[in-house]
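The values are calculated or read from the model by the stated rules, or taken from the named source; none is laboratory data. All values reported here derive from a predicted model rather than from experimental measurement. Ideal geometry is used to build each Cβ from the backbone, glycine not excepted, and the neighbour counts take in all protein chains shown.
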Amino acid sequence: MNELVFTEEDYLSLLHRLSDDKFESCAILTTSIVPKHRSARMLVQQIQIAPPDAYRKRNTSAAILEPAFIVPIAKAARKNGNGLVFVHTHPWELGVPSFSAIDSQGEKLLQEFLGKRDVAGPNAALLFGKEHCRARLLGTDTEINVLTVGATRQVVFDSSSQKHVRQVHDRQVRLLGAEAQNRLGRMVVGVVGVGGTGSIIVQQLAHLGIENFVLVDHDLVEGTNLNRLVGAQPSDVGTPKVNIAERQVKLIAPHAQVTAIQGSVLDSDAAHSLVGVDFIFCCTDTQASRAVVNQLAYQYLIPCIDMGVSITSGDGAIQRISGRVQLLSPGHACLTCQDLLDSNIVRQEFMTTEQRAQDPYFIGEGEPQPAVISLNSTMSSLAITMFLAVVAELPSKARQLNYDAMIGRVRSSSATRYPTCVVCSRYGALGRGKEWRLPVRIVVDDNISK
């Protein structure tokens, strides 16, 4: 299914800037194209509102742009490999608006114009009525979904046909509603790290009705994992963790589709397997993998929940037991903004074993940290509840939670974004898609990475 994806901030800005109760208004959006299987995600990068002198004709029922306004935008799109979305309004139309015959004729001319200039797109048309919107591929009747991503992931125009809700989900449908349950069933969810917390996340998602998974983990099951790896048993030692997670999903939902990738998200192929998903859970225990997923979430406008548990001990006593669950999404501070990533540790974790041996600043592997399934379960459940608030309108506003197990308190918090952050601002990776490089290793052959 083709999708047009806005940040929540950009979508609201576009609505405000196009508002005119009398005349039709126009804009052109520049998008970064992310190919998917037989479809594409169009990430809105730039909004250009047509000024009054850009119209050849403008009244209550029509708006025609001057070629002089379109041509330089089309040239830039061809040069940069972008797509274009032509936006106009029907300010008088209530409900979900419909494209008129005049709209269709105009789109065919625009598509011919772009074709002659090698603006391959895909290109699209977006129509706003008084209350709602509708979108389609330019010059066709093929409708596309329109999404906004921020504190929530909203499908503001849904071109998908509704599915039958499975009886097994009856009780949660009574809370979330059939429409939200259908949205859950159509989503593709990525889980990076399917160990202590990730295995619980996968289990709960399968019970919720998620039917499409991309699971990424390079690890094999070890005997010391069995105290907290959901679905694993002693005979699974030596088995890839992603295989255990896939088996767990199939036991709960035999119809579910699972892509299990035994690989590291630090490597290009594994990281790029996530660019087409709808949501990501980051359940890793390394800073380098968090750095990759952190940037990927903002670069491809994919909301992500990052989570972790920390147990600190010293002098023979436990000093601190804490956990964190945080939404990484446009409008919210990223891990870089909050100084939660140590660049030296990230650098070392990207190294191969041979590179670490040659690095004079590498001081060796640390001791394994304590891990208990009850703490993992607490943070995983908080993360799943936050996920439902983001994608299924569960009435919960918290987007960053800190857990102190020693006093039994969960506290909501927030952080300030750096306005010029290299990850989560328009000055950096935000919404840049494939135009911006992910911080990943490129595998040249089986033994060499760079």
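Quick grid of which residues meet (1) buried (at least 19 other Cβ atoms within 10 Å of the Cβ); (2) within 25 Å of Tyr418 (Cα to Cα):
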position	(1), (2)
Val216	yes, no
Val237	no, no
Thr284	yes, yes
Met307	yes, yes
Considering residues that are polar (S, T, N, Q) and over 21 Å from Ala180 (Cβ atoms), the number found within the range 112-161 is 3
Given (1) closer than 29 Å to Arg58 by Cα; (2) without any contact (Cβ under 8 Å) to a residue 40 or more places away in the chain; (3) not β-branched (Val, Ile, Thr), where does Asn123 come up short, assuming only one miss?
(2)
Strands (runs of 3 or more DSSP E) within the range 124-185 that include 1 or more residues in the same structural domain as Lys36 (by TED's automatic domain parsing) and among the hydroxyl-bearing types (Ser, Thr, Tyr):
145-149
In the range 399-416, is there at least one residue being at pLDDT 95 or above, crowded, with 17+ Cβ neighbours inside 10 Å and of a type in the set (D, E, K, R)?
yes
For residues that are touching a Lys or Arg at 6+ places or on another chain (Cβ under 8 Å) and not charged (D, E, K, R), scanning just the range 5-24, find the one that is surrounded by the most Cβ atoms within 10 Å (Cβ to Cβ).
Val5
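In this structure, does Phe157 turn out to be in contact with a Cys (Cβ under 6 Å, 6 or more places away or on another chain), modelled with pLDDT of 95 or more and within 15 Å of Ser98 (Cβ to Cβ)?
Numbers: in contact with a Cys (Cβ under 6 Å, 6 or more places away or on another chain): yes; modelled with pLDDT of 95 or more: yes; within 15 Å of Ser98 (Cβ to Cβ): yes.
Judged against the criteria, Phe157 is a match.
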Subset tally (residues that are charged (D, E, K, R), farther than 22 Å from Cys26 by Cβ and surrounded by 19 or more Cβ atoms within 10 Å (Cβ to Cβ)) for the range 120-172
1
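Restricting the range 11-52 to residues that are outside any loop (DSSP other than H, G, I, E, B) and of a type in the set (Lys, Arg), which is farthest from Ala68 (Cα to Cα)? Working first, answer last.
The initial filter retains those residues of the range 11-52 that are outside any loop (DSSP other than H, G, I, E, B), namely 11-18, 26-36, 39-49, 52.
With of a type in the set (Lys, Arg) added as a condition, the list becomes 17, 36, 41.
On the way: Arg17: 21, Lys36: 33, Arg41: 28 Å.
Among those residues, the one meeting the criterion is Lys36.
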